[in-house]
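Take a look at the structure set out below.
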Amino acid sequence: MSYKLFIPGPINVSEKTYKAMTTPVIGHRSNDFVSLYNSIQPRLQELFYTKDPVFLSTSSAWGVMEGSIRNCVAKKVLNCGNGAFSDKWADVSERCGKQNKFLSFDWGKPVDPEAVRKELSTGEYDAITLIHNETSTGTMSDLAAIMAVVRQFPEVISIVDAVSSFSAVKIEKDALGIDVMLLGTQKALALPPGMALLSVSKRSLDRASKIKDRGYYFDFHEFLTNHEKGMTPSTPVIPLIYALKSKLDDIFAEGIENRYARHAHLNGLVHAWAERHGFVLLPEKAYASKTLSCIRNTKEVNLTDLNKALKSRFKMVIDGGYGKLKDKTFRISNMGDETEATMMELLNALDTLLAEMGKA
Ligand SMILES: Cc1ncc(COP(=O)(O)O)c(C=O)c1O
């Protein structure tokens, strides 16, 4: 049984993408693989707005998030947390045995650049982690403002999670001065889960060179050495690389700017719908995510019943609140290939169900 996924990842995968995944596998040390790998690099670099290499990791995003900590932190890392995923980074830093400080913001609030400045000014840090779009709270921090602060501290390597914003919102990696930018395929790229992409700066590679306990699987230098040969360090998830190639065709056929505009428009439809029902977003509007909407359950809708009915009658699913926001919020994604028609289909179905529940 398949359902239309309006949860903030994994999201709907197109038939075209699934078909691309059935392309027969090839040897990962073959010339065919090198051609495949090299054929997607230029367009990946264009999407990352970078001249740095873009590595393909057969893992979920957390693999390369942990890897970035292991490769980039020699002294102490500042982990900025404003939701479930960014908060977890502090735990991961701790488990990797790295000196760290957790700079915490309330869930639903963005990362405050001035708080970052104050902390980095202590001179204690050589790395910072932050999440551009906190999927658990639907909050998008002002990356440009934060990076403008971070760039004033040349020793600090910036590690930015763009997991649920990449390709839906413009993030100009090199212009912003981001050292490591990473994501997982199951979010705005609308591919199945299983692969992470990361682009790393020369500065972060230089840092990694000085760190001994980088491990093997996520070692930036293993990625680089193989990248230079048009390969990955170990056997990659080749079907997902075919899917990525097909998705890049789609993205560039649509036009990158058109893609950003489509996401902004669809996100606006959800916001307007929420407003029409008297719901309010969790974050302030200025920091509301462009790829998902995290909506306060101000009408005390029974979200379990709502989602059950949505699933059984309309074959669609939205998501409830994450972690401590369970029952307090619900989340609707507009990532990937969604269109005005598909989003309206969902919102109309929600209208019907809310009316039936006496909550319209
Ligand atoms: C912003 C963000 N970062 C990291 C992750 C973790 O990704 P993965 O489950 O692919 O490791 C998620 C997953 O939802 C996320 O939304």
Problem set entry | Candidate set: the range 52-68, residues that are surrounded by 24 or more Cβ atoms within 10 Å (Cβ to Cβ) and within 9 Å of the ligand (Cβ to nearest atom); chosen: the one nearest to H221 (Cα to Cα) | V64
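Check L244, L269 and return the single one that is assigned by TED's automatic domain parsing to the domain that holds M344 and not hydroxyl-bearing (S, T, Y).
L269
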Seminar exercise, completed: If we take the range 169-281, then helices (runs of 4 or more DSSP H) inside it with 2 or more residues that are in contact (Cβ under 8 Å) with a residue 24 or more places away in the chain and under 30 Å from R151 (Cα atoms) are 173-176, 202-209, 220-227, 256-276
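Look through M343, M335 and report the one residue that is touching a residue at least 40 places away in the same chain (Cβ under 8 Å) and part of a helix (DSSP H, G or I).
Unique residue meeting the criteria: M343.
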For this session: Among the candidates A264, A309, A286, A274, single out the residue that is loosely packed, with under 13 Cβ neighbours inside 10 Å and either modelled with pLDDT of 95 or more or among the aliphatic types (A, V, I, L, M) (or both).
Result: A286
Problem set entry | Selection within the range 118-143 - away from the ligand (no atom under 11 Å from the Cβ), open to solvent by less than 10 Å² (accessible area, probe 1.4 Å) and of a type in the set (D, E) | D126
For this session: For the range 14-40, name all the residues that are among the polar types (S, T, N, Q) and surrounded by 15 or more Cβ atoms within 10 Å (Cβ to Cβ).
Result: S14, T17, T23
Exercise. Being more than 15 Å from L244 (Cβ to Cβ) and within 24 Å of the chain's Cα centre (by Cα), is that true of even one residue in the range 29-41?
Worked result: no
Seminar exercise, completed: Exactly one of D106, D126, D112 is under 22 Å from V280 (Cβ atoms), in the same structural domain as K187 (by TED's automatic domain parsing) and touching a residue at least 24 places away in the same chain (Cβ under 8 Å), and that one is D106
For this session: Assess whether A84 counts as being touching a residue at least 12 places away in the same chain (Cβ under 8 Å) and in contact with a Ser or Thr (Cβ under 8 Å, 6 or more places away or on another chain).
Result: yes
Problem set entry | All positions within the range 69-91 that are more than 23 Å from G321 (Cβ to Cβ) and either within 12 Å of the ligand (Cβ to nearest atom) or open to solvent by 50 Å² or more (accessible area, probe 1.4 Å) (or both) | R70, A74, K75
Exercise. Which of the residues that make up the range 180-196 are open to solvent by less than 10 Å² (accessible area, probe 1.4 Å) and either within 11 Å of the ligand (Cβ to nearest atom) or charged (D, E, K, R) (or both)?
Worked result: L182, L183, G184, T185, A188, M195, A196
Seminar exercise, completed: Within the range 283-293, the count of residues that are within 11 Å of P110 (Cα to Cα) and among the hydrophobic types (A, V, I, L, M, F, W, C) comes to 2
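Results for (1) surrounded by fewer than 24 Cβ atoms within 10 Å (Cβ to Cβ); (2) not hydrophobic (A, V, I, L, M, F, W, C), shown as yes or no for each residue.
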{"position": "A145", "(1), (2)": "yes, no"}
{"position": "Q152", "(1), (2)": "yes, yes"}
{"position": "S165", "(1), (2)": "no, yes"}
{"position": "V169", "(1), (2)": "yes, no"}
{"position": "I178", "(1), (2)": "no, no"}
Exercise. Out of the residues in the range 161-175 that are within 23 Å of A84 (Cα to Cα) and of a type in the set (A, V, I, L, M), which is nearest to the ligand (Cβ to nearest atom)?
Worked result: V163
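The values are calculated or read from the model by the stated rules, or taken from the named source; none is laboratory data. Just so it is clear, the structure is predicted and the values come from calculations on it, not from any experiment. All Cβ positions, even for glycine, are placed from backbone atoms using ideal geometry, and neighbour counts span all protein chains on display. Accessible surface areas use protein heavy atoms only, side chains included; no ligands, DNA or RNA. Shrake-Rupley method; radii C 1.70, N 1.55, O 1.52, S 1.80 Å.
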